Each structure stands twice: as structure tokens, then as C-alpha cells.
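What follows is one structure encoded as C-alpha cells, with my remarks underneath.
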């Protein structure tokens, strides 16, 4: 039980102490002893004054007697714990105060010193507390520095300890539109719920399940998807486990652009049929019925036959750019996809689409450069489009929904 006085002074140099004792002689002598190690010791002669001092200033250590006038030590401790549940408190008590021991432990008190003081024992107790505080402050300082560093990283980072959220950076908070880690812990302590159920992607109801899925799933399927503002975002997850403290570090890299480029039509640059189905797969979990608009260019096969496949493809490109322009004007962020040759699918992000639908119906294909360049051709067509608003039953499986869309296009022309 030897105490290194040099280390004690080092540990105690940044610790503030509130000492509450009603006996003036004991208070004066003990405060003088404490001042040898702690540079900031505030005295209070009863629990009421002690509590008032505590509310005015934060203290690292509270040392208090039990039986005092105005407000006893137990009631003061309970009031302090309401302000700061983690407050370190050392209770000084006489032998006949042992009846309060269980109540004090229940109140969160872990440190005790018997009066009259055994200086060596009292010093050892102070040494343990100061050492604990010093390490805690160093740990908190390192934690703050770590938080500053990872907040500069653009990749989302979430650290789970014992399957609970420990640390996250700003990039991860932005993924779920959370303003702070406290809000995240309160509203979504299981981060897997953030992500949608989708093929070749991971979702989980608990953090433990999320980690299990990552451990048993092929690395190429370590992906998650989320819908924000009617847009779909995809992230690649990497997992690193630290066995010594049962922590997992998860990183979330935004691969939306890569995913979109791999699943977009080469000519129109619109999401391909596969991507359209993926979008429907995500949205079908949110709605029992999905409103979609399907469009086709009339006489497309004849145009292909007489003007050639490349010319017809150019017409699709011009048409897709027109659709993008109308969407940007009337319903920004609305999804538009290329379902295959001469098949365009629009999934509005709201139900009131009257003006938007009207603008689509009024597209004048005859004004396109394609037809202007062929005004002198002997082949004449009636350049127009076919358009229809379809209701997809999302209670069906994806294959059935895909067939319904194909049939809808067959009936469109």
C-alpha cells in the first residue's frame, strides 16, 4: 500500500476538490492536508452550501461527511448524482455510520474513508482516485483528438463496442442525416436499420446481426443501400475487429457513382433495367402500390428500319435528355430509368403529378433535330410518343413486377 508522493502530486495537479464537513476542526486540518497535493480545494460547512458550490462549479472529486445540518451528505450526494451521474465521491464516515453503507453504494458511491483518519490509508485512497481521474482525463483527451481526426475523413466511420455505438464521425452522421452522435444513439442505436433490404446488400435489425452478416457474407457483397430524398445511395463496408476490447471499426465508402456507372445505359446514360428493378425492390418495402410512368417513341421499329440503328439510338438520346429537362423543371430528384430499347420508366417522388404528366404528354418529337435532319426523306412518320401512368402492385415478387412492366410496354404501342 505504498504511495508514490511524486506521482500523487502529478496526478492531483489538475484535480479540483469540493470538501464538505461540518466539524470546523476536522475540516480545517483535513483541508490543509488536501492542499499539500490538490491545488484547488473548496470547503463547505454543510450539505446545502456544498450543493450550491457544486452547482456553480464543476469538481473532479467531492469529499463529504454524512451527518451534517441543513442537508445531510446522503441527500447532497443524491442531488449531485442527478447533475452528474459519473461524479467521483469519497465519503468520510465514523464507524457508527456503517448503517448508511448500502444506501451510499446504491447512490453510486465507491470510495470510503473512516474517521478518525489513518493518514496512510487516506493518502492511498486519494492516490487511487487521482490516478483514476488522471487516466480518465488522458483517455478523454485522446478520444477528443481522435474525434477531431476522424471528422476530417470523408469516409463514414462507426466504432461499435460490445455491439453498441461508441464513436462515429461526421461523414457517418451525414449518411443518416443525424446532427450528433447523441441523436444517433437515441433515435437509431442499431445502425443496420438505416439501410434498405436489397439483393447483394446487407441490412440488419441489430448491431450484432450487422457484424455477423459482414463476417459470413462474401466481401464483394459488403454493401448497404439507403434512400434519401428519393435518391438511392450505396456504400461499401469494411470491418476491422479489435479483440482486446471487443470493438468493431466499420468504414462506409460511398460507391454510388461507381454503382450507377456500372448499371447505366451506355447511350442514354440513364439507369439500366437492372437498376430500375433495384429501385423498385427498395421502394416496394415502403409502399403497397407504386406509381410509375412508362413512355415509348411511336414507330421506333420503323425508324430503326429506315434510318438505321445508330440514328434510332441518337433519337433515344435526344428523347432521354428532353425527359431529364422536364424532370428537373417539374419534379427534381425524380427517378428515370432505361428499361430497354425504346422503354423509359419514370418513378415520381410524389403523388401529385398532374402538371408533370401534362408536360410529358406535350413533348413534341417532331421538333427534335433528328427529324429536322430528315425532312427531305421520302419516308414519313407521325413523330409522337406513347405515355401511360401505371400502378404496380408491390406485394408481388420482383419477377412478377418485371413481367407486369414488360406487358405494360407491349400494350403501350
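A short reminder: the numbers here are calculations on the coordinates, not readings from a lab. As the structure is a computational prediction, the values presented were derived from the model and not from experiment. Because the Cβ atoms are built from the backbone with ideal geometry, glycine has one as well, and the counts that use them run over all protein chains shown.
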- request: Using only Cα positions of the range 156-259, each an equal point scatterer, no hydration layer, compute I(q)/I(0) via Debye at q = 0.16, 0.17, 0.21 Å⁻¹ and quote the log10 values to two decimals.
  value: -0.64, -0.73, -1.15
query: Relative to a virtual label point 7 Å from the Cα of residue 119 in the Cα→beta-carbon direction, which members of the range 10-45 show backbone nitrogen distances below 14 Å?
result: 29-37
statement: Asserting the computed 222 nm helical MRE of the chain (DSSP H runs at least 4 long, -39500 (n - 2.57) per run, divided by residue count, to nearest 500) equals -13000 deg cm²/dmol
- prompt: Expressed in nm², what is the orientationally averaged projection area of the convex hull enclosing the Cα positions of the range 127-216?
  reply: 7.4 nm²
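Sort 385-394, 268-277 for me by packing, meaning the mean count of neighbouring Cβ atoms within 10 Å per residue, highest on top.
In descending order of packing, they fall as 268-277, 385-394.
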query: Sorting 27, 225, 36 on the 10 Å Cβ count, fewest up front, what's the list?
result: 36, 27, 225
query: Can you give the alpha-carbon Rg of the range 264-412 over 2.2 N^0.38 Å, where N counts its residues?
result: 1.06
task: Give the Rg/Rh ratio for the range 108-176, taking Rg as the radius of gyration of the Cα atoms and Rh as the Kirkwood radius, to two decimals.
output: 1.27
field: Where N is the number of residues in the range 1-119, Cα Rg divided by 2.2 N^0.38 Å
entry: 1.01
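State the dimensionless ratio Rg/Rh of the range 62-169 (Rg: radius of gyration of Cα atoms; Rh: Kirkwood radius).
1.14
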Mean Cβ neighbour count within 10 Å, used as a protection proxy, ranking 314-322, 208-216 highest first: 314-322, 208-216
- request: Would you mind ranking 68, 76 so that the residue whose beta carbon has the fewest other beta carbons within 10 Å leads the list?
  value: 68, 76
- line: The alpha-carbon center of the range 67-107 and that of the range 12-35 are separated, in whole Å, by 17 Å
- request: Using the Kirkwood radius over Cα pairs, work out the Stokes-Einstein diffusion coefficient for the chain at 25 °C and 0.890 mPa s, in µm²/s as a whole number.
  value: 89 µm²/s
statement: Taking 129-137, 78-86 and ranking on average Cβ neighbours within 10 Å, highest first, one gets 129-137, 78-86
